[in-house]
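Each remark here refers to the structure printed beneath this line.
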């Protein structure tokens with residue numbers, strides 16, 4: 001593992017056999033097999049039937065600045081990536097005290113969830129969930145299925161500058177549905193970023209968002225002095 005991190009092993013290099021590794025590290029073969037299975041589940045190595053295990057090529061990580069002032073769409077386009085967005089769902093949610101509280105919504109309000117799958121250079125990288133109050137955006141039920149960038153949608157409605165006063169980061173492992181959408185293994189951790197979006201001019205809360213990023217594809221800049 002240390003050799004992988006230090007770059008001493010190159011992409012597509014064949015790894016020693018289980019027996020060779022067991023002899024090298026003086027451990028049972030089953031211990032080696034379990035370790036290799038974990039590395040494969042986490043995307044570090046791959047297997048070819050009858051040929052053995054190989055190290056995956058290391059790809060350049062995508063730099064992501066975790067700020068609520070610029071949309072994910074704008075960040076990726078500015079960085080020169082080919083970004084595509086697929087709308088997964090646009091529908092009202094059941095009452096959720098946390099989400100309703102963040103959006104300053106009453107129980108009788110309808111909160112819509114817009115779930116979008118983000119592809120970068122053709123590969124699924126993130127699941128974006130945006131929650132907005134229909135009382136603030138009456139057309140969201142009709143417009144939502146066609147929205148690829150929430151910030152662009154807000155700009156079309158007259159909002160121009162955005163900020164955020166809270167961001168929470170955590171780690172989770174993907175559910176079965178998330179594994180299918182992101183085409184990743186259950187052992188690949190997801191970086192979960194929760195934040196809000198506020199209109200600078202009025203101070204009004206526009207949305208609460210929860211984004212799941214494939215942790216092995218991004219590197220994160222969490223500075224806030226921009």
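The values are calculated or read from the model by the stated rules, or taken from the named source; none is laboratory data. Since the model is a prediction, treat every value here as computed from it, not as a measurement. A quick note on method: Cβ atoms are made from the backbone with ideal geometry, for glycine too, and the neighbour counts reach across all protein chains shown.
Points to keep in mind about this one:
- Within segment 82-113, the set of residues being more than 22 Å from the chain's Cα centre (by Cα), assigned to a helix (DSSP H, G or I) and surrounded by 16 or more Cβ atoms within 10 Å (Cβ to Cβ) comprises just one member, 100.
- When segment 114-144 is filtered for residues that are modelled with pLDDT under 95 and not in a strand (DSSP E or B), the ones remaining, listed by number, are 121, 122.
- Members of segment 30-50 that are at positive phi and surrounded by 12 or more Cβ atoms within 10 Å (Cβ to Cβ): 43
- Residue within segment 218-226 that is over 19 Å from residue 123 (Cβ atoms) and in contact with a strand residue (DSSP E or B) (Cβ under 6 Å, 6 or more places away or on another chain) present: yes
- Boolean, residue 83 is at pLDDT 85 or above, in contact with a strand residue (DSSP E or B) (Cβ under 8 Å, 6 or more places away or on another chain) and within 25 Å of residue 169 (Cβ to Cβ): yes
- Complete set of residues in segment 1-29 that are modelled with pLDDT under 90, surrounded by 13 or more Cβ atoms within 10 Å (Cβ to Cβ) and over 15 Å from residue 52 (Cβ atoms): 4
- Apart from one condition, residue 53 fits all of (1) surrounded by 16 or more Cβ atoms within 10 Å (Cβ to Cβ); (2) at positive phi; the exception is (2).
- Any chance residue 211 is modelled with pLDDT of 90 or more, surrounded by 15 or more Cβ atoms within 10 Å (Cβ to Cβ) and more than 20 Å from residue 105 (Cα to Cα): yes
- Selection count where residues are more than 13 Å from residue 14 (Cα to Cα) and either in contact with a strand residue (DSSP E or B) (Cβ under 8 Å, 6 or more places away or on another chain) or assigned by TED's automatic domain parsing to the domain that holds residue 174 (or both), scope segment 37-54: 2
- Annotation note: Cβ proximity below 8 Å between a residue of segment 155-168 that is under 13 Å from residue 137 (Cβ atoms) and a residue that is not in a loop (DSSP other than H, G, I, E, B) (sequence gap 6+ or interchain) occurs for 159/199; 159/206.
- Residues (over 18 Å from residue 158 (Cβ atoms) and either surrounded by fewer than 18 Cβ atoms within 10 Å (Cβ to Cβ) or outside the structural domain of residue 199 (by TED's automatic domain parsing) (or both)) located in segment 130-141: 141
- Options 169, 187, 205: the member that is surrounded by 12 or more Cβ atoms within 10 Å (Cβ to Cβ), at pLDDT 95 or above and in the same structural domain as residue 100 (by TED's automatic domain parsing): 205
- Test for residue 74: is it at pLDDT below 90, in the same structural domain as residue 145 (by TED's automatic domain parsing) and surrounded by fewer than 16 Cβ atoms within 10 Å (Cβ to Cβ): yes
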